[in-house]
Amino acid sequence: MTESPPFPASSDFDLDLALLLCTRLCHDLAGPVGAVNTGAELLEEEKGIADPETLDLLAGSARSAANRLKLSRMAMGVARGRSPTLGEAVATLATGLEGVGKTLVVDLGAGADPGAEANRILVNLTMVVSEAWPRARRIGIEISGGAILISAEGGGDLGETWRAALSGGIVDLDPRTAQAYLAGRLARAAGALIDLPPGRLGAIRLVPPPIPGG
């Protein structure tokens, strides 16, 4: 994935990409927001006197929606002011993955925070790994030797569609692979490298760009 074709450059393609990412966001929020609405309807039927199950539904669904929105904003939003640290990115990923039944296992070693751009790419790639290997219950993040390895426990080979999206060699995207394309595009813009570590199935490696002034 190091020798990749240039990313398509057209206003129509960028519009399609934006629409696909919006579709992805709506899909992620539809479940928990719908559950909040269901809880609100139950509360209305009960004349404001909610049973514990209704309250749990409301609280859990609202929390899930908030966590998913925070994760999407970190991955796809335009940063204003202070950018998230590595610790904040990992914490947000952990709660976001928990909401879809997955566990984040982290080994940051003694590595320094790779910087705001790398953290945003990391968030996107972790979401990609979770989607590309949907059956994996445990997602790992490991920092070693200046690189970040994101892995899916029990994951196999990464499919060609995902590879092409990461490398920028695909224009027929869907709401899932659009995020892989975005991750690759962000990496290119930042001077980072994304590749598949040899001999390690179910994993994507990120080599962050140098930190300015570091």
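Suppose we filter region 18-33 for residues that are within 14 Å of Leu71 (Cβ to Cβ), surrounded by 17 or more Cβ atoms within 10 Å (Cβ to Cβ) and either in contact with a Pro (Cβ under 7 Å, 6 or more places away or on another chain) or touching a residue at least 60 places away in the same chain (Cβ under 8 Å) (or both); how many remain?
Of the residues in region 18-33, 3 are within 14 Å of Leu71 (Cβ to Cβ), surrounded by 17 or more Cβ atoms within 10 Å (Cβ to Cβ) and either in contact with a Pro (Cβ under 7 Å, 6 or more places away or on another chain) or touching a residue at least 60 places away in the same chain (Cβ under 8 Å) (or both).
Looking at Leu193, Leu206, can you tell me which residue is surrounded by fewer than 17 Cβ atoms within 10 Å (Cβ to Cβ) and at pLDDT 95 or above?
Details: Leu206 fails: surrounded by fewer than 17 Cβ atoms within 10 Å (Cβ to Cβ).
Only one candidate qualifies: Leu193.
Sort through Leu166, Leu182, Leu206 and tell me the only one that's of a type in the set (A, V, I, L, M) and assigned to a strand (DSSP E or B). Working first, answer last.
Numbers: Leu166 fails: assigned to a strand (DSSP E or B); Leu182 fails: assigned to a strand (DSSP E or B).
Criteria check complete, one pass: Leu206.
Based on this model, can you work out whether Pro114 counts as part of a loop (DSSP other than H, G, I, E, B) and either in contact with a strand residue (DSSP E or B) (Cβ under 6 Å, 6 or more places away or on another chain) or buried (at least 17 other Cβ atoms within 10 Å of the Cβ) (or both)? Break it down stepwise before answering.
Details: part of a loop (DSSP other than H, G, I, E, B): yes; either in contact with a strand residue (DSSP E or B) (Cβ under 6 Å, 6 or more places away or on another chain) or buried (at least 17 other Cβ atoms within 10 Å of the Cβ) (or both): yes.
So Pro114 fits the description; yes.
Has region 52-65 got any residue that is among the hydroxyl-bearing types (Ser, Thr, Tyr) and touching a Pro at 6+ places or on another chain (Cβ under 6 Å)?
Of the residues in region 52-65, the ones among the hydroxyl-bearing types (Ser, Thr, Tyr) are 54, 61, 64.
Filter once more, so that each one left must be touching a Pro at 6+ places or on another chain (Cβ under 6 Å): 61, 64.
Yes, region 52-65 contains at least one residue that is among the hydroxyl-bearing types (Ser, Thr, Tyr) and touching a Pro at 6+ places or on another chain (Cβ under 6 Å).
Give me the residue from region 43-54 that is part of a helix (DSSP H, G or I) and touching a Leu at 6+ places or on another chain (Cβ under 9 Å) and, out of that set, modelled with the highest pLDDT. Working first, answer last.
So in region 43-54, the residues part of a helix (DSSP H, G or I) come out as 43-45, 52-54.
Still in the running and touching a Leu at 6+ places or on another chain (Cβ under 9 Å): 43, 53-54.
Working: Leu43: 73, Glu53: 79, Thr54: 76.
Once the filter is applied, the top-ranked residue is Glu53.
Which residues, counting only those in region 55-108, are modelled with pLDDT of 85 or more, of a type in the set (A, V, I, L, M) and not in a helix (DSSP H, G or I)?
Matches in region 55-108: Val100, Leu104, Val105, Val106, Leu108.
Are any residues in region 143-160 farther than 18 Å from Ala187 by Cα and either part of a loop (DSSP other than H, G, I, E, B) or free of Cβ contacts under 8 Å to residues at least 40 places away in the same chain (or both), and if so, which ones?
Answer for region 143-160, where residues must be farther than 18 Å from Ala187 by Cα and either part of a loop (DSSP other than H, G, I, E, B) or free of Cβ contacts under 8 Å to residues at least 40 places away in the same chain (or both): Ser144, Gly145, Glu153, Gly154, Gly155, Gly156, Asp157, Leu158, Gly159, Glu160.
The values are calculated or read from the model by the stated rules, or taken from the named source; none is laboratory data. What you see is a predicted model, and the numbers here were worked out from it, not measured in a lab. A quick note on method: Cβ atoms are made from the backbone with ideal geometry, for glycine too, and the neighbour counts reach across all protein chains shown.
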